[in-house]
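Below is one structure, written out as structure tokens; comments come after it.
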Amino acid sequence: MAKYILAHDVGTSNNKAVLVDIEGGVHGKSISGYDIKYPNPGWAEQDPDDWWRAITTSTKQLLAQTGVSPSDILCVAYSTQMIGIVPMDDSGNHLRPGIIWLDSRAPDEAAWVMNKFLGPSVFAAIAGTSISGKDGIPKLIWLKRHEPEIYTKMKSFLDVNGYLTYRSTGVMSMAWSNASAFGLDLKNKTWMEAIFKYVGFDTNKLAPLVRSTDKVGGLTKQAAEQLGLLEGTPVMGGAGDVASAAVGSGAVGEGEGHISMGTSAWVGVVTKKTPTGKDGVVSTQSADPEKALLLGQMELAGGCLRWLGDETCRLEKADASITNIFGFMDGKVEKMPAGSDYLIFMPWMYGERAPIADPYIRGGFLNLTPEHTREHLLRAVYEGVAYNIRWIIEIIEKQFKFPLPEIRVIGGGGLGHPWMQIIADVTGKRIAPVRNPQEAGAVGVAMTAAIGLGIYKDFNSLKKVVAVDRVFIPQDQNREVYDLLYYSYKELYKNLKGFYRRLNKQRCDQA
């Protein structure tokens, strides 16, 4: 009997092929990268053929490394970056490079769409947040306006997941979770055709929808040969990276929450309800066909720490005896006082999505004195990210009525135990990082596929599959200082948002 699910975690810079057993165990991984092209300011594109080459290369490498036979592969499933746009013609060829999520070419179209709904404030009241030139519908309108020949020839647009599934099976489709980044009716599980028609997009160009648990098709002969797998091996619907990682957190029950700690961060809650977004928190489709995923995403988390490490730990990074710079920083941070002697870091270095949707705000240190050291700066970054996470949790609890006494953690940040303790202390929540937190996306999409194959009855069955590394309990002695600094942190935004808008509006609007 076949033993493994081949999961592909398709990110912005590389694909990670991961061999996952039916109990969620990781048995090997292989990484193959690709480039991003920036042909114009604000543009970000990738060649879809490069994604497929990374898939085939990493698959063959993984099978060679592990010695696993193709006959032992139960199915293939993709967890991918979202909001990608790949225009496809009638013959199944892509018409141009893929426009990826990082691309922000359509600010004028975003403003036009929101004005169609009587302005940004009315649009935000409906959708839960304003949209920007990075979002899906504005980019589709951009394509129609600026590349009409491609728009006319386009039979359908696919995202990254849909494109790779098509290359595998010859079937064009889009998974529900991925479609929700463009416009999915969360109650009826159909495209929001009225919205697309209202903004002038041809609804005949929308791909057929599939569930993450569906079998879309089997590997074609050509795809199987390129991958080194058996023809007919099932290919499942897959999911967006956020939805996959949410399943990989094990927080899959009604109202259960998780935090993802990577370069960026988010707080997510799964629910059978379909709440309208608010305060920068949006409602999308979960990998679970029966649930939505309430999501508050901050633009930069671990990326702030990486930036500060690059700038202040250059000697240590060059020291061959220090093999893990993040571990080095953890050791320094543990020795510093809670609150960093009243130094506050604002992690809004790329602007922000949640808890406040504002492209003009920026990061910084406040209340800096000559007594503060590099180590204070390091701890302040850990804490500033934690303040932002607490703010998102507060919105989810108060505005959406989901209490979160214990929160799972996934992503590379879950390996940093000092950071986990700081988040527990700042939020007052029990914080529970899972085992193998960096593989949550691959494990999540693999377990979603396992449900589709009938190995597990439902998503609640996965709660016993995803193991927790340890649980961090809030320390009462740090509550007073963190409460003071947290409320000061929130006040900073209120007092500085006008300053940031005056300073950065022209530069941001020109990007």
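The values are calculated or read from the model by the stated rules, or taken from the named source; none is laboratory data. Nothing here was measured: the structure is a model prediction, and the numbers come from that model. Note that each Cβ is placed from the backbone with ideal geometry, even for glycine, and that neighbours are counted across all protein chains shown.
Residues in segment 154-195 that are at pLDDT 95 or above, in a helix (DSSP H, G or I), out of contact with any His (no Cβ under 8 Å at 6 or more places or on another chain) and aliphatic (A, V, I, L, M): V160, A179. Those strands (runs of 3 or more DSSP E) of segment 1-112 in which 2 or more residues are surrounded by fewer than 20 Cβ atoms within 10 Å (Cβ to Cβ) occupy 14-21, 26-33. Taken across segment 435-448, residues that are free of Cβ contacts under 8 Å to residues at least 12 places away in the same chain and of a type in the set (D, E) do not occur at all. Being surrounded by fewer than 18 Cβ atoms within 10 Å (Cβ to Cβ), in the same structural domain as N14 (by TED's automatic domain parsing) and touching a residue at least 24 places away in the same chain (Cβ under 8 Å) is a description that applies to V171.
Of all residues in segment 419-447, which are touching a Gly at 6+ places or on another chain (Cβ under 8 Å) and of a type outside the set (G, A, S)? Within segment 419-447, W419, M420, P433, V434, P437, Q438, E439, V443, V445, M447 meet the criteria.
Conditions (1) modelled with pLDDT of 95 or more; (2) in contact with a Cys (Cβ under 7 Å, 6 or more places away or on another chain); (3) assigned to a helix (DSSP H, G or I), marked per residue:
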| residue | (1), (2), (3) |
| --- | --- |
| A442 | yes, no, yes |
| V445 | yes, no, yes |
| I451 | yes, no, yes |
| R470 | no, no, no |
| E480 | yes, no, yes |
| Y489 | yes, no, yes |
| Y500 | no, no, yes |
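Of I137, I150, I131, all but one fail to be within 21 Å of A292 (Cα to Cα), in the same structural domain as R96 (by TED's automatic domain parsing) and assigned to a helix (DSSP H, G or I); the exception is I137. Checking V269, V235, V282 one by one, the residue that is in contact (Cβ under 8 Å) with a residue 24 or more places away in the chain, part of a strand (DSSP E or B) and assigned by TED's automatic domain parsing to the domain that holds N161 is V235 and no other. Does L293 qualify as being touching a residue at least 24 places away in the same chain (Cβ under 8 Å) and either in a loop (DSSP other than H, G, I, E, B) or at positive phi (or both)? It is false that L293 is touching a residue at least 24 places away in the same chain (Cβ under 8 Å) and either in a loop (DSSP other than H, G, I, E, B) or at positive phi (or both). The set of residues in segment 375-415 being buried (at least 24 other Cβ atoms within 10 Å of the Cβ) and outside any helix (DSSP H, G or I) consists of I407, R408, V409, I410, G411.
With the requirement that a residue be within 24 Å of the chain's Cα centre (by Cα) and modelled with pLDDT of 85 or more, what does segment 115-131 give you? Hits for segment 115-131: nothing passes.
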